[in-house]
Amino acid sequence: MKYIEILREGERVNEVYLCKHRQSAVTKNGKAYENLILQDKTGTLDAKIWEPDSQGIDDFERFDYISVTGDVTSFQGALQLNVKRVRKAQPGEYEPGDYLPVSSRDVDEMYGELKDIISSVETPCLKMLLSKFFLEDKEFEKRFKFHSAAKTVHHGFVGGLLEHTLGVTKLCEAFCRQYPMLNRDLLLSAAMFHDIGKLEELSVFPENDYTDDGQLLGHIVMGTEWVGEKIREIPEFPKKLASELKHCILAHHGELEYGSPKKPALMEAVALSFADNVDAKMETLKEAFASIPEGNTEWLGYNRLLESNIRKTSR
């Protein structure tokens, strides 16, 4: 299979891709055409059907696997596929695993690391709460291993939610070693819970888009409510500790303008917001640089999350 990441301008493509997006449009001259976004596990590619009513353009829907013939061109510095022929692919012509972006790390290994951290939590009610989600609920475990952490910005791949959660939790562990005044059990619990609302905010692959509740409520509120429901199943859970844990989740984006209902008011909430920000931004850079050859220090342009023009470091 010729993956999207290795396509180059001037190539003729005859491959099967996942149709991530399809939309009809009209040129300035009033001519109908179609916008597509094609996807495989290495990335996405913008595509155009300039003659949608021509022979060889068969019926297909969004999220279908489609067999595409076309030419790779360049538009405003980005690759684009000029589609000549397209049809819905038949079972056996594709392997679904080739079309979903996946974590470079083994999900079972990462989940094992998370369980090891849970075993180190000493506060009984927090360990019990963590166990209700990560150890006892096998359906939760299955969903958590498969889900992404974002639609597009960072960790937007299968296993991304787990990878991001583990990364944030390990950063929080480092903060605890550097700043012993932090409540380790509270901070690590908040780190593991901080993004569980993403399971409801984003639909599963291959769609990986915002749900209705995701648009109306958001993962921070939904995650906090979910944790609160489980806390009520533990009668001995201290009310003050419950409020502190929920506050850390509510404040983990750090600023009101970034979507946090509350700004961090506890030391642990401050630490969590920084860990979340660091992991998200480092992953953003990692993904931006993934296809840039070693030694290439050309500027890549403005990055929205980092609010800066970026490039790789010289070696």
Inset, instruction - Please give the net charge around Glu173, taking every other residue with its beta carbon less than 15 angstrom from that of Glu173, where Lys and Arg add +1 and Asp and Glu add -1. - result: -3
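For the chain, which whole-number percentage of the solvent-accessible area (1.4 Å probe, protein heavy atoms only) is attributable to carbon and sulfur atoms?
On the chain, the fraction of accessible area on carbon and sulfur atoms equals 49 percent.
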Legend entry - Length-normalised contact order of the chain in % [C-alpha pairs under 8 Å, at least 6 apart]: 11
Legend entry - Dimensions in Å of the chain - Rg and Dmax from alpha carbons: 22.3, 70
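Normalise the Cα radius of gyration of region 208-265 by 2.2 N^0.38 Å (N = residues in it) and let me know the number. Can you show the working numbers first?
Values: Rg = 12.7 Å, N = 58, 2.2 N^0.38 = 10.3 Å.
That works out to 1.23 for region 208-265.
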Legend entry - Estimated translational D of region 227-296 in µm²/s (Stokes, Kirkwood radius over Cα pairs; 20 °C; 1.002 mPa s): 151
Inset, instruction - Take the alpha carbon gyration tensor of region 167-250, find the square roots of its eigenvalues, order them as a ≥ b ≥ c, and report rounded if a/c is under 1.5; if not, report prolate when a/b exceeds b/c, else oblate. - result: oblate
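Relative contact order for region 1-67: what is it in percent, counting Cα pairs under 8 Å that are at least 6 residues apart?
Relative contact order here is 35 percent.
By the gyration tensor of its Cα atoms, with a ≥ b ≥ c the square roots of the eigenvalues, what is the shape of region 80-192: rounded for a/c under 1.5, prolate for a/b over b/c, or oblate? Write down the numbers at each step before the final one.
Numbers: a/c = 3.77, a/b = 2.26, b/c = 1.67.
In terms of gyration-tensor shape, prolate.
What's the whole-number percent of alpha carbon pairs in region 174-315 lying beyond 24 angstrom?
On the way: 4416 of 10011 pairs.
For region 174-315, the fraction of Cα-Cα distances above 24 Å is 44 percent.
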Legend entry - Candidates His247, His147, His164, ranked by Gaussian network fluctuation over the chain, Cα under 10 Å, top entry: His247
Legend entry - Cα centroid separation - region 22-59 against region 103-158, whole Å: 38
Inset, instruction - Give the cross-link partners of Lys2 among the lysines, using a straight C-alpha distance below 16 Å as the criterion and excluding same-chain residues fewer than 8 apart. - result: Lys41
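At 0.36 nm per residue, minus the direct Cα-Cα distance, what do Arg143 and Phe63 gain on full extension? Give it in nm, one decimal, please. If you can, show how the numbers build up before the last one.
On the way: separation 80, 0.36 × 80 = 28.80 nm, distance 2.01 nm.
Using 0.36 nm per residue and subtracting the Cα-Cα distance, I get 26.8 nm.
Taking only protein heavy atoms into account and a 1.4 Å probe, give the accessible area per residue of the chain in Å².
On the way: 16610 Å² over 315 residues.
Ligands and nucleic acids excluded, the figure is 53 Å² per residue.
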Legend entry - GNM top mover of Pro238, Pro96, Pro264 - the chain, alpha-carbon springs below 10 Å: Pro238
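The values are calculated or read from the model by the stated rules, or taken from the named source; none is laboratory data. Because the structure is a prediction, the values reported are computed rather than measured. All Cβ positions, glycine included, derive from the backbone under ideal geometry; neighbour counts span all protein chains shown. All accessible areas refer to the heavy atoms of the entire protein, side chains included, with ligands and DNA or RNA removed. Shrake-Rupley method; radii C 1.70, N 1.55, O 1.52, S 1.80 Å.
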